[in-house]
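Q: One structure coming up, written as C-alpha cells, with questions to follow.
The values are calculated or read from the model by the stated rules, or taken from the named source; none is laboratory data. Bear in mind that the values here come from a model prediction, so they are computed numbers and not experimental data. Counting neighbours? That spans all protein chains shown, and the Cβs are built from the backbone with ideal geometry, glycine included. Please note that ligands, DNA and RNA were not included when accessible areas were found on the heavy atoms of the full protein model with its side chains. Shrake-Rupley method; radii C 1.70, N 1.55, O 1.52, S 1.80 Å.
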Amino acid sequence: MGTRPVMRTSAALMLLLLATGCSLDAASRGPFGPDDPETAVPKKPLPAQLPTRHVLEFSSDESPEHIKPKMAGSALDAGVSRSPNREAVLSAADIAGLRKVAEADPRVAALLGERWGFIDADRVPPRGKVSFGCCRTTARFTRLTYFSYSHNVAAHVHMKDSTILEASRAEGYLPPEGPRDIQRGIELARADRRLADKVQGMQGHGLLMQPDRGFFRNDPGYGHRVIWITFSPGLGGDPKYWAQVDLTEDRVLDAGNEPPR
C-alpha cells in the first residue's frame, strides 16, 4: 500500500515534465523545427532616370510575307556598338552564288526533281579534324537546304567554298517555310475559285502546318508539305480569308472566310 502514493507521485512528475517540454519555446518552432530569423534585405533607392523603353520593330527579309524582328545594335540601341562577324554571315550575294553552283549540278537537279523550293543557307563547321595555327584552313563550309515537292522530301547540299561535297536527302526532316513555299502557296490560293474575287489587292501570309494523323482517317495533306495561307488588308490587319495549300500535290485543299473577331 505504501508504494502506490510514490508511483502516483512519479507518474505525475513525468507528465509535468513532458508537458513542460512540449510547450518549451513553442513560439520559436515551426512544423519542421526551429524557424531561422528573417534575413534583412537592404533597400536601394529607385534610379533617378527611368531606363529607355525598347520598341520591337520588324524588317522585311526576302519578301513582304516573311518578316523578322530587327536586331539590337542599330538606332534602337545606339549606345551599344556591335561589329558583326563577316566570316560567319552569308550575304544575299553569297547565297545567290552558292545556289547558282548547286542548282546547276546534275546531282542536285536529280535530287530535287522538277518542283522544289529553296529554304535557307547556313555556315557549318568543317567535318573531321579541326586544324589550328599555320595549318588552319580558310575554306568556307556551307549547307544549303531545299525541299523537293516532286519527291516530298527535304534535301541538303554541303559545299566547301564553291565545290559541292555532298548532296543528300534529309529523310524525316521538316524544314521551316521558305520564300518559295509562301510564294507558291499565295499563288495557288489567289487562283482558287473560292477566293479569286475576294483577295485581289490583299496581303498574303504563309505559315507551315502539319495535318494530323487520325485514328481511322488522316487529315487531308497528312505527310505532305502543307502551308496555311491567310489574306489581310495589310501587314498588321486581321486575316479575312484563309487557304490550306498542299505544295506536294500543288493544289488547294480547302479555303474560306476567317470568322469575325
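Q: SER162 - would you say it is touching a Gly at 6+ places or on another chain (Cβ under 8 Å) and either in contact (Cβ under 8 Å) with a residue 24 or more places away in the chain or more than 22 Å from ARG115 (Cα to Cα) (or both)?
A: So SER162 passes the test.
Q: Every residue in segment 183-221 that is within 14 Å of ASP250 (Cα to Cα) and either among the charged types (D, E, K, R) or open to solvent by 90 Å² or more (accessible area, probe 1.4 Å) (or both), please.
A: Those that are within 14 Å of ASP250 (Cα to Cα) and either among the charged types (D, E, K, R) or open to solvent by 90 Å² or more (accessible area, probe 1.4 Å) (or both): GLN183, ARG184, GLU187, ARG190, ASP192.
Q: Evaluate the following for GLU177: is it in contact (Cβ under 8 Å) with a residue 24 or more places away in the chain, under 26 Å from the mean Cα position of the chain (by Cα), surrounded by 13 or more Cβ atoms within 10 Å (Cβ to Cβ) and within 23 Å of HIS156 (Cα to Cα)?
A: yes
Q: Answer yes or no: is there a residue in segment 149-161 that is aliphatic (A, V, I, L, M) and open to solvent by 40 Å² or more (accessible area, probe 1.4 Å).
A: No, that holds for no residue.
Q: Taking the condition touching a strand residue (DSSP E or B) at 6+ places or on another chain (Cβ under 7 Å) and not charged (D, E, K, R), does TYR173 pass?
A: yes
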